[in-house]
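Reviewing the structure listed below.
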Amino acid sequence: MEKSEAKRVLEQARQAWEAEEWLRSAELYEQVLAHYPDEEPSAVWWYDAALAYKFLRNWAKAYELGCQAAARAPRGAQDPAFWNLGVAATIQRDWATARDAWEGFGIPLPQGEGEIHGSFGVACVRLDTGGEREVVWIQRLCPTRGRVVSVPVTGGRRFGEIVVHDGEPTGERTFNGQQVAVFDELLLFEASELPTLRVSVNATEASDVEALVASFSARDFGAEQASSFHVLCACCSEGRVDWDEASTPTHGGSQKVWLAAPQAEARLLLDTWAMAEGRSWSGLEVMG
């Protein structure tokens, strides 16, 4: 390919990019890169092509081209080529490349080899399954993976599953003064075997419900009052939402509680909880 032809193809690639024709743009960049992989601006071409495949959720190609983009990016400077490679390598379960990519971006990791199981704080992820969207809390295991620690009410989603999320925040939650980013889910990385249940409980005091939640949490199960769920429009969900203790009240009386636990163990925990005076439960049902 002559340089004059390469210039023309690059212009077509840029036009396709602006039109969000991701596949066409990536393929055009690849045509040029096959002949000019190491020109001065080639790092940008590799990056754009890899990013286009990321938008297409073609993780194998995002990984392949991302390796080339990262190889031409400065280490330790938070270059996005390393971030995108870290995501793609994680999804491909190439842990050595993922670790190197995060370190190349400038993120310290726990020492070791293989899958990353660190403590990267809490965040929120916007689940998207079949058009339904729900924001849940996660405990971050690495820069792009998190374990769901809410009990999702969206069908097919479960407490304890591990999701891969994008790196650009698309909203913010402030809970009791702590600002937490909301990220979009990229894919379900590891499913959870814990079913979602719903039960009616009756408790005299708010502390009785808190004790129920604590008993499930102690077993690494989930429990949340139905009143803790809030329905938001898409615009509000992608903005800043402030919660405080009053926003998610714990109260006594008759109410619904969402649970995540094997049904037999949930019954045992509920029976144990109900042994105290003023507590009862009924109508345990499997929701998903």
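The values are calculated or read from the model by the stated rules, or taken from the named source; none is laboratory data. Nothing here was measured: the structure is a model prediction, and the numbers come from that model. Cβ coordinates were reconstructed from backbone atoms using ideal geometry, including for glycine residues, and neighbour counts include every protein chain displayed.
Of everything in region 47-72, what is surrounded by 24 or more Cβ atoms within 10 Å (Cβ to Cβ) and over 27 Å from residue 188 (Cβ atoms)? Give them in sequence order. Correct list: empty. Selection of region 39-64 for residues being in contact (Cβ under 8 Å) with a residue 12 or more places away in the chain, part of a loop (DSSP other than H, G, I, E, B) and out of contact with any Phe, Trp or Tyr (no Cβ under 7 Å at 6 or more places or on another chain) yields only 57.
Quick check on my filter: what residues within region 57-96 are in contact with a Ser or Thr (Cβ under 9 Å, 6 or more places away or on another chain) and farther than 22 Å from residue 34 by Cα? Selection gives 83, 86, 87, 89, 90, 91. All told, residue 189 meets the bar of being modelled with pLDDT of 95 or more, surrounded by 14 or more Cβ atoms within 10 Å (Cβ to Cβ) and either touching a Lys or Arg at 6+ places or on another chain (Cβ under 9 Å) or closer than 27 Å to residue 131 by Cα (or both). The listed residues are 232, 268, and the only one of them that is at pLDDT below 95 and loosely packed, with under 15 Cβ neighbours inside 10 Å turns out to be 232.
A single member of 185, 205, 132 is assigned by TED's automatic domain parsing to the domain that holds residue 270 and not hydroxyl-bearing (Ser, Thr, Tyr), and it is 205.
Of the listed requirements (1) within 27 Å of residue 118 (Cβ to Cβ); (2) surrounded by fewer than 20 Cβ atoms within 10 Å (Cβ to Cβ), residue 15 misses just one: (1). The criterion of being within 20 Å of residue 56 (Cβ to Cβ), without any contact (Cβ under 8 Å) to a residue 40 or more places away in the chain and part of a loop (DSSP other than H, G, I, E, B) does not hold for residue 75.
Keeping to region 155-212, report how many residues are in a strand (DSSP E or B), closer than 30 Å to residue 83 by Cα and basic (Lys, Arg). The qualifying residues number 1. Suppose the filter is free of Cβ contacts under 8 Å to residues at least 24 places away in the same chain and either outside the structural domain of residue 224 (by TED's automatic domain parsing) or β-branched (Val, Ile, Thr) (or both); does residue 168 pass it? The answer is yes for residue 168.
Has region 105-121 got at least one residue that is part of a loop (DSSP other than H, G, I, E, B), hydroxyl-bearing (Ser, Thr, Tyr) and closer than 24 Å to residue 63 by Cα? Within region 105-121, not a single residue is part of a loop (DSSP other than H, G, I, E, B), hydroxyl-bearing (Ser, Thr, Tyr) and closer than 24 Å to residue 63 by Cα. Within region 126-154, restricting attention to residues that are part of a loop (DSSP other than H, G, I, E, B) and hydroxyl-bearing (Ser, Thr, Tyr), the residue that is modelled with the highest pLDDT is 144.
Taken over region 140-186, the criterion of being touching a helix residue (DSSP H, G or I) at 6+ places or on another chain (Cβ under 7 Å), surrounded by fewer than 17 Cβ atoms within 10 Å (Cβ to Cβ) and on the phi > 0 side of the Ramachandran plot is satisfied by 176 alone. Quick one: in region 11-32, which of the residues that are of a type outside the set (Lys, Arg), in a helix (DSSP H, G or I) and free of Cβ contacts under 8 Å to residues at least 24 places away in the same chain is nearest to residue 79 (Cα to Cα)? This residue is 29.
Being surrounded by fewer than 14 Cβ atoms within 10 Å (Cβ to Cβ), modelled with pLDDT of 95 or more and over 30 Å from residue 172 (Cβ atoms) is a property that residue 276 lacks.
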